[in-house]
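Notes follow the structure.
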Amino acid sequence: MKSFLPRFRGQPWVSGERVLHVYVCPQAGVDDELLRLVHGATEAMAPYPIDPQAPDCPADPGWLHLTVEMIADVPAAAINGRERADLVAALTDGLADFDAFETEVGPPIANIAGAVLDVWPQDRAVALQNRVRDVIRAVRGEGAVMPSSDRPHLSLGYAYAEADSDPLNSVLRTRVTPRRAPLAVDRIHVLDVKWLRTVMPTGVEGWRMSWDTVAVVPLGLSGTTL
């Protein structure tokens, strides 16, 4: 694996800059089986230069996320309150008939930039991505959505130095059970995401994300009965 480098519009991210994203975030008390899997994977990753997205606590989702889409036309600072409200309203309307669903993630795999849990089956997750992308394009134009061929996944952690991923994959395969876990998707999160260049516990610099919540949008509101 190699050091992860976040990018915005194809260019290296400026440390401290913020960009709006739409994520699916695991929920404590709902996705507890998934959080236990993540906890085991985080323990296995400890000897490696990977900054974990979840803390060393089996009940805390931390910064775990499934990226649905980045709002890529301009940084978050250039999107004012009215524009944010318009985006949230459009997503609320656009997802009102998109029913909540459950999928699975796993097994944990070390890759070139850290470690991930792939989503499978991915059909509903891809359909959600496509719906969100359509809404963003309608509100902010074609330039707000960048082409992507990446499959849906949860990032377990991001590498901040080079390391051989083969031994880690062996550990993840033999020591982490269960290998897969359900993920409930009944809402999306609109988030103001920041990547910051910072010093890791080992003394090596790397990239660390954080976010502030703009809105939480439920799925399938049109099917809700009061």
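The values are calculated or read from the model by the stated rules, or taken from the named source; none is laboratory data. Everything numeric in this text was worked out from a predicted model, so none of it was measured. Note that we place each Cβ from the backbone using ideal geometry, even for glycine, and neighbour counts take in every protein chain shown.
Within the range 159-180, not a single residue is under 17 Å from C25 (Cα atoms) and either of a type in the set (D, E) or not in a loop (DSSP other than H, G, I, E, B) (or both).
A59 meets all of the listed conditions (1) more than 20 Å from L191 (Cα to Cα); (2) within 18 Å of the chain's Cα centre (by Cα); (3) surrounded by 14 or more Cβ atoms within 10 Å (Cβ to Cβ) but one, namely (3). The residues of the range 160-192 that are of a type in the set (S, T, N, Q) and without any contact (Cβ under 8 Å) to a residue 40 or more places away in the chain, listed by number, are S170, T174. Of the residues making up the range 193-216, those that are in a strand (DSSP E or B) and either of a type outside the set (A, V, I, L, M, F, W, C) or without any contact (Cβ under 8 Å) to a residue 24 or more places away in the chain (or both) are K194, R197, T198, V199, E205, G206, R208, S210, D212, T213. Taken across the range 184-193, residues that are surrounded by 14 or more Cβ atoms within 10 Å (Cβ to Cβ), under 25 Å from V68 (Cβ atoms) and of a type in the set (D, E) do occur, with at least one present. Scan the range 144-158 and give yes if some residue there is in a helix (DSSP H, G or I), out of contact with any His (no Cβ under 8 Å at 6 or more places or on another chain) and either hydroxyl-bearing (S, T, Y) or within 23 Å of D32 (Cα to Cα) (or both), otherwise no. Taking every residue of the range 144-158 in turn, none turns out to be in a helix (DSSP H, G or I), out of contact with any His (no Cβ under 8 Å at 6 or more places or on another chain) and either hydroxyl-bearing (S, T, Y) or within 23 Å of D32 (Cα to Cα) (or both). Just one of the listed residues (V132, V105) is under 30 Å from R180 (Cα atoms), within 15 Å of the chain's Cα centre (by Cα) and not in a helix (DSSP H, G or I), and it is V105.
Of the residues making up the range 78-89, those that are over 21 Å from the mean Cα position of the chain (by Cα) and not in a loop (DSSP other than H, G, I, E, B) are A78, G81, R82, E83, A85, D86, A89. Taken as a whole, the range 80-97 holds no residue that is crowded, with 19+ Cβ neighbours inside 10 Å, at pLDDT 95 or above, closer than 18 Å to L34 by Cβ and touching a helix residue (DSSP H, G or I) at 6+ places or on another chain (Cβ under 7 Å). Here A54 fits the description: closer than 15 Å to V116 by Cβ, touching a helix residue (DSSP H, G or I) at 6+ places or on another chain (Cβ under 6 Å) and in a loop (DSSP other than H, G, I, E, B).
When the range 62-77 is filtered for residues that are surrounded by fewer than 19 Cβ atoms within 10 Å (Cβ to Cβ), of a type in the set (V, I, T) and more than 9 Å from the chain's Cα centre (by Cα), only V74 remains.
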